[in-house]
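Undergrad: One structure coming up, written as structure tokens, with questions to follow.
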Amino acid sequence: MKILPLSFYVRDTKKVAIELLGKLLVRKYRGKTYCARIVETEAYLGVNDRACHTFGDKRTKRTRSMYLDGGHAYVYLIYGMYHCLNVVTRTREHPEAVLIRAAEPVSGFKTIDKKLLAGPGKLCREMKITKKEDGLSLLSERLWIADDGFKVPRSQVKSSPRIGIDYAKEHKDLPLRFHILV
DNA sequence: AGTGAGATGGCCT
DNA sequence: GGCCATCTCACTA
């Protein structure tokens, strides 16, 4: 069980999005440890990607942590009631990130129902991830991603358009969503 | 099985 | 004031 090092995150965002599939997301909160296998991600490619919060180099209070170096968490509130967890990639000169859209429970959860963490809002709700974790290092004690040797053959990785970004005009159909085929 | 609406709040213009 | 990188439940068929 190897914690992913900084060098994993400071790379091409699309590559990171694909290689995060099958990795273990681990969260420690109030004495409990939640562990889940990542099965769906989306790449957000920074200042030139209309779907990305940093499109046009938009530096706001919300996007602040996207301008950290790779290996940090970017967490934001959506629809007033849900949070979304992103993994910041590349360097601070390239505000890009990977949205963790879904995972499957491995340990620490009340159920191992595969639907439990299917969706970015549910994942954050069940893993107790909120704005408090925004900007947190993924080499921290409370939140990290690990490789337990689980292999995902590239032939099992399917790409498709990203979800819920109809406003992104010419970028809305880019195949930047990745998930593991069942 | 598939569609539609409501909840709800921080942040941008 | 209006928009969201969502989820759930109620409704149709």
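Undergrad: Restricting the range A:40-66 to residues that are in contact with a helix residue (DSSP H, G or I) (Cβ under 8 Å, 6 or more places away or on another chain) and of a type in the set (V, I, T), which is farthest from DNA strand C (Cβ to nearest atom)?
TA: Top of the filtered list is A:T41.
Undergrad: Same structure, new question: Given the criterion within 12 Å of DNA strand C (Cβ to nearest atom), more than 17 Å from A:K23 (Cβ to Cβ) and at pLDDT 95 or above, identify the matching residue among A:L116, A:L99, A:L85.
TA: Exactly one of A:L116, A:L99, A:L85 is within 12 Å of DNA strand C (Cβ to nearest atom), more than 17 Å from A:K23 (Cβ to Cβ) and at pLDDT 95 or above, namely A:L116.
Undergrad: Which of the numbered conditions does A:D69 fail, given that it passes all the others? Conditions: (1) within 16 Å of DNA strand C (Cβ to nearest atom); (2) assigned to a loop (DSSP other than H, G, I, E, B).
TA: (1)
Undergrad: Identify, from the list A:I112, A:I38, the residue that is away from DNA strand B (no atom under 16 Å from the Cβ) and farther than 22 Å from A:Y9 by Cβ.
TA: Residue meeting the stated conditions: A:I112.
Undergrad: Please verify whether the range A:30-37 includes one or more residues that are surrounded by fewer than 19 Cβ atoms within 10 Å (Cβ to Cβ), more than 22 Å from A:R177 (Cα to Cα) and among the β-branched types (V, I, T).
TA: yes
The values are calculated or read from the model by the stated rules, or taken from the named source; none is laboratory data. None of these values were measured; they are calculated from a predicted model. Here Cβ is always computed from backbone atoms with ideal geometry, including for glycine, and neighbour counts include all displayed protein chains.
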